[in-house]
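Colleague: Could you have a look at this structure, given as structure tokens, before my questions?
The values are calculated or read from the model by the stated rules, or taken from the named source; none is laboratory data. For clarity, every value in this text was computed on a predicted model and none was experimentally measured. Cβ sites come from the backbone with ideal geometry, for glycine too, and all protein chains shown count toward neighbours.
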Amino acid sequence: MSVVQGIEQVFQRKSRYFTSSLVYFACRKLSKKVVSFPLADIGEGIHEVEILEWKVSVGDIIEEFSPLCEVRSDKATAEITSKYAGKIKALRCDMGGWLHVGKPLVDIEVSAEEQAQCLKSKEPVRAVGFKEALDTNDRCGTDSHTHAFLASPRIRHSLATYDISLTANKTFESREVTRGDLKNLIDKRFENKTADDERKGFSSAVIKLSSTQQAMARKMQHALQVPSFTASEEIEIDPLKEYCNVLSVERGISERSRELPLFKELMKQVPESPPYRLTVLPLLVKIISESILRFPMINSQYLSNSQTKIVENHNIGIAMDTPQGLIVPNIKEVQSKSILEVYSHLYRLIALAKAKRLTFDDLHGGSFTISNIGSIGSTQSQPVVVPPEVCILSMGRIRKQARFRENGEVYAASVAVISCSADHRVLDGAYVVRFLNHIRSMAENPKSIDPFV
């Protein structure tokens, strides 16, 4: 064999080697494919989640069910796992970003065989590893003919609350119990209960709300949207009660009030005369007005995120329990009225409320509300702020309690809890607590208030 022939043979062998290598790498390249892995549906009607933490990086080799990331919604936190084994090619959302369910989460390079197996699988892509939620042990119930039902923790709790068994309900379109399924089950449960009650002789009735109750329902629904807080304070009522007795007996405030032209004019509007004895409530109304002068933001209205209006007049409403429902007429311009005048206006409102003769002006324009719930019997309450007002005060039942003087001596005191709920967009806790402290200070030293000024 010549040298030329030898060289030709070597070249032919190398060419076959190079050709085989190219074919090998080409086939290997063709057997790989990048697939887009969508964000799994984590149930509970969640449509968007925040990426809390990525568990993988670009270039990582992962196995099937390897954790990809941790996500959070307003209802739950979940760990998303991979449906594929392969190589991470791209992360489609930054950490801290938000992603809609069904949108691409990661790109994964997988083999053709891996992709074919996944396409054959009927299993839906889901989130696993709920910190509040589903695992294989948390089944709502089983059906001997079919499979176990899956549901979120909130739905499972509702099923347990209404004592609903899933084994008797086999009408679900899928294995997961949805909110719609839950509503249908609850409706069916109450329909069955009503029928059972009727068979057993029980009866029920639907009662229409009065117009006053309907108005209150609308107001309360709106009021509960206000971000509010409540602060409470105990006050000793004995000084107020003693001062009331002094004003009633020694200074004859009730009799003197009846001599006022204002009182006589007011009493023409009412069918019955007010009681002769002065009570704590008119004094408390005046004390609150005096305290508002020191803390004017209490008597304000929230307008927007950047504006609050301070109301000049102290139009203080008094919550009253009537056969028609709760009403809150108000005494106008308390800051310019004496205790004598407050007494006259208050009992005019009480008399008119009993006679169902309150006017539109009596019921509108209030800037602050007092609820004397203690007259019925509650020790303490958490009143609800009703817009546009930003503050409401309630007074609990007066009770006898043991108190200590500075020298350690024990004495019996009449004590009531006053609670103040406030709109936190306008008022902070320190401001409201100082307001309550000022009320307590004046209530325990009421003689500084002139009843005729």
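Colleague: When you look at residue 377, is it in a loop (DSSP other than H, G, I, E, B), on the phi > 0 side of the Ramachandran plot and either modelled with pLDDT of 95 or more or in the same structural domain as residue 303 (by TED's automatic domain parsing) (or both), yes or no? It would help to see each step written out before you state the result.
Modeller: Numbers: in a loop (DSSP other than H, G, I, E, B): yes; on the phi > 0 side of the Ramachandran plot: yes; either modelled with pLDDT of 95 or more or in the same structural domain as residue 303 (by TED's automatic domain parsing) (or both): yes.
For residue 377, the condition - in a loop (DSSP other than H, G, I, E, B), on the phi > 0 side of the Ramachandran plot and either modelled with pLDDT of 95 or more or in the same structural domain as residue 303 (by TED's automatic domain parsing) (or both) - is met.
Colleague: Exactly one condition in (1) touching a residue at least 24 places away in the same chain (Cβ under 8 Å); (2) in the same structural domain as residue 306 (by TED's automatic domain parsing); (3) more than 20 Å from residue 301 (Cα to Cα) is false for residue 434; which is it?
Modeller: So residue 434 meets the others, but not (3).
One line per residue, one yes/no per condition, for (1) closer than 28 Å to residue 304 by Cβ; (2) not small (Gly, Ala, Ser):
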residue	(1), (2)
366	yes, no
378	no, no
391	yes, yes
396	no, no
443	no, no
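Colleague: For residue 431, all conditions in the list (1) in contact with a Phe, Trp or Tyr (Cβ under 7 Å, 6 or more places away or on another chain); (2) modelled with pLDDT under 90 hold save one; what is the number of the exception?
Modeller: (2)
Colleague: When you scan segment 286-333, how many residues do you find that are of a type in the set (Gly, Ala, Ser), in contact (Cβ under 8 Å) with a residue 12 or more places away in the chain and not in a loop (DSSP other than H, G, I, E, B)?
Modeller: So the count comes out to 5.
Colleague: Identify, from the list 316, 327, the residue that is crowded, with 20+ Cβ neighbours inside 10 Å, modelled with pLDDT under 90 and within 21 Å of residue 363 (Cα to Cα).
Modeller: 327
Conditions (1) in contact with a Lys or Arg (Cβ under 8 Å, 6 or more places away or on another chain); (2) not in a loop (DSSP other than H, G, I, E, B), marked per residue:
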{"position": "383", "(1), (2)": "no, no"}
{"position": "387", "(1), (2)": "no, no"}
{"position": "400", "(1), (2)": "no, yes"}
{"position": "411", "(1), (2)": "yes, yes"}
{"position": "420", "(1), (2)": "no, yes"}
{"position": "439", "(1), (2)": "no, yes"}
{"position": "451", "(1), (2)": "yes, no"}
